[in-house]
Amino acid sequence: MASDLDVRGPNTSSVGRHVHVPRGGGKVLVPVPAGSSTWRIDPSHCSVPEVVRFPERLPQEAFYRVAYPLMLLSRRLEERLLELFQKGYVKGTVTISIGNEATTVGMSIPFRPSHDVVSLLHRDFAAHLLLGATPYQLVCQYLANADSPSHAREGNVHHGDAATRRLPMISHLGKMLGLVVGGTWAARRHGEDVFGLAVIGDGGSSTGEFHEALNLASVQKVPVLFLVENNGYSFSTPTSVQYACAHLSDRAAGYGVSGRTIDGTDPWAVYSAVGDALQAMSEDPAPVILECMSLRLHGHAAYDKAEYVSDQQKRQAWQRDPLPRARQKLQEICGLSEADVTPIEEAVEEEVRRAIDEALPVARPQPREHSWSVYASSSPPSVEPMKLPRVKNGEAVNRALDSILANNPEAVLMGLDVGVYGSAFKTCKGLIDRHGPERVIDLPICESGTMGFALGASQVGTRPIVEFQFADFSTETASQLGLNAGTWFFRTGCPAPMLIRLPCGGGLTMGAFHSGEYEGLWSRFPGLKLLYPATPQETFEALLAGFYDRNPCLVFEHKLLYWSQSGPIDFDGDLEAVWRPRCYGEGSDLTLIAFGAMVREAIAAADHSGRSVEVWNPFVLQPLDLAPILASVEKTGRLMVVQECGASQGLGDQVIAQVVRRRRLPLRCPPKLIAAPDVPVPFAPELESHCRPNRDKILSGIAQMLEES
């Protein structure tokens with residue numbers, strides 16, 4: 001088949017290096033010339049077959065000319081990686097896709113690299129080759145050397161290229177599905193004709209995230225292909241104890257979408273089914289489930305001997321090996337003789353040898369030359385000043401969100417009841433009327449799925465603002481927000497700009513599951529930024545600063561202060577100046593640090609103490625800047641920290657530890673932490689008020705410290 005693309009000029013790249021398509025689609029040349037001793041593009045060779053991407057399709061003959069060499073390349077590379085593991089060169093788990101090549105090649109050929117949004121799993125080696133990776137890069141990844149695509153920061157299967165929409169996986173199965181939904185949704189929102197490929201295994205389909213992502217895609221009409229690779233085992237657990245339905249694709253009916261189960265060892269069947277699914281989604285933008293009954297011809301990973309599989313089952317599986325069957329099809333359908341196929345295979349072997357030979361001598365990563373930053377650099381713009389004589393914290397939230405949405409078309413507010421209802425505490429009231437339902441979006445109850453959706457959208461030009469109805473519900477997203485979003489920049493080099501709003505704290509008699517703060521929890525995850533304002537101005541500034549930052553920023557909004565705390569806003573528009581601790585008057589006797597609603601109690605106690613007390617709100621809880629607070633403690637010689645949550649749950653103990661550890665201060669007495677007892681927040685107002693610190697408890701603590709010293 002003659003090519004209509006311009007391939008003039010020297011090009012000695014291998015298949016992996018030039019399987020690339022510009023954003024928007026197009027054709028990709030893959031060199032598989034019959035009878036050639038080298039497997040490369042030859043500009044003078046007019047019979048180089050072309051790999052067409054959706055909406056075009058390859059005829060069966062051209063398909064097998066592409067599919068078999070790629071399946072063989074994947075197999076031979078992984079066999080060599082297993083050898084290198086046994087020799088000690090390759091570390092990690094070495095989870096391989098031997099037996100799954102038909103599914104991975106068939107599913108990935110239609111998708112358009114750097115255009116469609118994809119997330120691949122452990123056993124999708126060949127798909128990486130078809131969607132932008134080179135054999136050399138993949139070998140370097142397994143060797144964890146200086147040329148590793150993940151800079152040797154990630155395990156061997158945890159790689160991709162977020163900048164080209166090939167999102168790198170994490171081990172928490174199901175967590176990447178929401179990212180594909182969000183990224184595809186965001187691209188479609190920008191007018192791009194984009195599809196998503198979200199790969200999951202039979203075991204991973206049992207996770208809650210599978211349900212959340214699929215339901216989100218169904219409700220939002222996002223054209224994502226949920227491809228289930230069913231190889232019969234989740235590690236050692238057979239599918240008989242994973243699910244009770246006849247086929248995993250049967251679950252599609254519950255989401256109002258289509259589903260289909262096919263033979264995943266037949267690459268042409270997979271390719272055809274994926275093409276059919278893409279065509280259906282182009283006509284009706286809704287997700288599709290495609291279950292591919294595939295194979296795993298080795299244990300879960302290099303260390304697993306698969307002793308839980310009988311010898312008879314292993315023999316039966318090897319009889320269904322897709323690679324020799326694809327070779328037979330190449331000969332039968334394409335009319336190639338043994339003499340025609342042999343040079344193709346020799347070229348594949350040469351490509352494998354060259355990739356290994358080039359990767360093995362590469363230097364090891366050097367820690368001293370390594371970038372250890374978990375934050376993307378940010379240069380926030382100057383924004384419009386805001387001056388209001390007197391507003392409440394809740395109104396400050398509304399004003400900040402209104403300003404962000406009005407001045408940033410890429411901003412989208414999403415969460416539970418943020419639309420017509422105006423959010424649980426009415427901080428979003430009227431925003432949907434001013435900015436429309438496309439910008440203020442009510443989502444289903446799926447906190448983890450929502451967080452994944454937002455992270456994926458952040459990679460495709462959208463700036464999500466996520467409101468959790470209560471900070472307590474953010475605990476549903478520990479993996480998605482803390483481990484995935486928080487580490488995203490460190491792992492991928494791509495920023496993840498998201499603003500996460502957390503209505504938090506007690507004092508409203510809502511009980512244990514609606515009254516937590518959790519700033520202590522979220523401060524333990526590297527890569528997240530945390531802001532905890534107390535006044536209306538601080539609230540307004542925190543939301544704008546968090547939005548314009550290029551990292552996931554969590555803003556803790558104390559519910560008790562929404563409509564009880566009033567004050568002016570006098571913001572000059574300088575966002576860089578926002579990132580600093582806040583001091584409420586100087587003092588010489590004691591340094592008092594407080595968070596959230598405790599700031600108000602601390603100021604009241606300081607005013608009634610009759611002593612010179614300096615009250616501080618760290619405001620930026622991560623990264624924590626203690627320099628001005630250290631200077632204050634050095635001046636006063638006394639340190640008290642007040643937090644609403646339990647003594648072991650918040651940041652108070654960390655602040656005290658850092659103050660004591662960082663500098664030899666002339667402390668006049670031991671630091672003191674005033675906190676609630678380490679119990680769940682009780683419901684009855686008498687019990688809750690007994691637990692929460694207040695002005696009187698702080699006054700008593702001040703008197704004790706001054707007496708001790």
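The values are calculated or read from the model by the stated rules, or taken from the named source; none is laboratory data. Given the structure is predicted, the values throughout are model-derived calculations rather than measurements. Every residue, glycine as well, gets a Cβ built from its backbone with ideal geometry; the counts of neighbours run over all protein chains shown.
Just a yes or no: is a residue in the stretch 236-258 more than 15 Å from residue 459 (Cα to Cα), under 24 Å from the mean Cα position of the chain (by Cα), surrounded by 23 or more Cβ atoms within 10 Å (Cβ to Cβ) and not acidic (Asp, Glu)?
No: the stretch 236-258 contains no residue that is more than 15 Å from residue 459 (Cα to Cα), under 24 Å from the mean Cα position of the chain (by Cα), surrounded by 23 or more Cβ atoms within 10 Å (Cβ to Cβ) and not acidic (Asp, Glu).
Within the stretch 162-192, can you find the residues that are more than 17 Å from residue 452 (Cβ to Cβ), in contact with a Ser or Thr (Cβ under 8 Å, 6 or more places away or on another chain) and without any contact (Cβ under 8 Å) to a residue 60 or more places away in the chain?
Passing the criteria: only 164.
Name the residue, out of 405, 431, 443, that is over 30 Å from residue 483 (Cβ atoms), in the same structural domain as residue 497 (by TED's automatic domain parsing) and not charged (D, E, K, R).
Values: 405 fails: over 30 Å from residue 483 (Cβ atoms); 443 fails: over 30 Å from residue 483 (Cβ atoms).
Result: 431 is the single residue among 405, 431, 443 that is over 30 Å from residue 483 (Cβ atoms), in the same structural domain as residue 497 (by TED's automatic domain parsing) and not charged (D, E, K, R).
Which condition does residue 460 not pass, out of (1) in a helix (DSSP H, G or I); (2) in contact with a Gly (Cβ under 6 Å, 6 or more places away or on another chain), if it passes all the others?
For residue 460, the failing item is (1).
Using the structure shown, decide if residue 418 is assigned by TED's automatic domain parsing to the domain that holds residue 546, in a strand (DSSP E or B) and crowded, with 20+ Cβ neighbours inside 10 Å.
Details: assigned by TED's automatic domain parsing to the domain that holds residue 546: yes; in a strand (DSSP E or B): no; crowded, with 20+ Cβ neighbours inside 10 Å: yes.
Here the answer is no, as residue 418 does not meet what is asked.
Only one of these conditions is not met by residue 114: (1) closer than 30 Å to residue 189 by Cβ; (2) of a type in the set (Ser, Thr, Tyr); (3) more than 24 Å from the chain's Cα centre (by Cα). Which number is it?
Result: residue 114 passes all but (3).
Scan the stretch 338-351 and tell me whether some residue there is touching a Leu at 6+ places or on another chain (Cβ under 6 Å), touching a residue at least 24 places away in the same chain (Cβ under 8 Å) and outside the structural domain of residue 496 (by TED's automatic domain parsing).
Checked against the condition, which is being touching a Leu at 6+ places or on another chain (Cβ under 6 Å), touching a residue at least 24 places away in the same chain (Cβ under 8 Å) and outside the structural domain of residue 496 (by TED's automatic domain parsing), the stretch 338-351 yields at least one hit.
Anything in the stretch 402-441 that is among the β-branched types (Val, Ile, Thr) and farther than 19 Å from residue 384 by Cα? List them, or say none. First the steps, then the outcome.
At the first step, the residues of the stretch 402-441 found to be among the β-branched types (Val, Ile, Thr) are 404, 412, 418, 420, 427, 432, 440-441.
The answer is 412, 418, 420, 427, 432, 440, 441.
So for the stretch 147-168 (the condition being among the hydrophobic types (A, V, I, L, M, F, W, C), over 18 Å from the mean Cα position of the chain (by Cα) and within 23 Å of residue 485 (Cβ to Cβ)), does at least one residue qualify? First the steps, then the outcome.
Within the stretch 147-168, the first condition is being among the hydrophobic types (A, V, I, L, M, F, W, C), and the residues that meet it are 152, 157, 162-163, 167.
Adding the requirement that they be over 18 Å from the mean Cα position of the chain (by Cα) leaves 152.
Still in the running and within 23 Å of residue 485 (Cβ to Cβ): 152.
Yes, some residue in the stretch 147-168 is among the hydrophobic types (A, V, I, L, M, F, W, C), over 18 Å from the mean Cα position of the chain (by Cα) and within 23 Å of residue 485 (Cβ to Cβ).
Of everything in the stretch 504-533, what is surrounded by 24 or more Cβ atoms within 10 Å (Cβ to Cβ) and in contact with a Lys or Arg (Cβ under 7 Å, 6 or more places away or on another chain)? Give them in sequence order.
Listed by number, the residues that qualify are 504, 505, 506.
Please report, ordered by residue number, the helices (runs of 4 or more DSSP H) entirely within the stretch 510-577 with at least 1 residues that are of a type in the set (Phe, Trp, Tyr) and more than 15 Å from residue 486 (Cβ to Cβ).
Details: elements: 519-522, 536-548, 559-562.
Those helices (runs of 4 or more DSSP H) span 536-548, 559-562.
For residue 492, indicate whether it is in contact (Cβ under 8 Å) with a residue 40 or more places away in the chain, polar (S, T, N, Q) and touching a Lys or Arg at 6+ places or on another chain (Cβ under 9 Å).
Numbers: in contact (Cβ under 8 Å) with a residue 40 or more places away in the chain: yes; polar (S, T, N, Q): yes; touching a Lys or Arg at 6+ places or on another chain (Cβ under 9 Å): no.
Spelling it out, it is not the case that residue 492 is in contact (Cβ under 8 Å) with a residue 40 or more places away in the chain, polar (S, T, N, Q) and touching a Lys or Arg at 6+ places or on another chain (Cβ under 9 Å).
Grab the helices (runs of 4 or more DSSP H) fully contained in the stretch 239-358, keeping just those with 2 or more residues being touching a helix residue (DSSP H, G or I) at 6+ places or on another chain (Cβ under 6 Å). I'd like the intermediate steps shown before the answer.
On the way: elements: 267-283, 311-319, 322-334.
Hits in the stretch 239-358: 267-283, 322-334.
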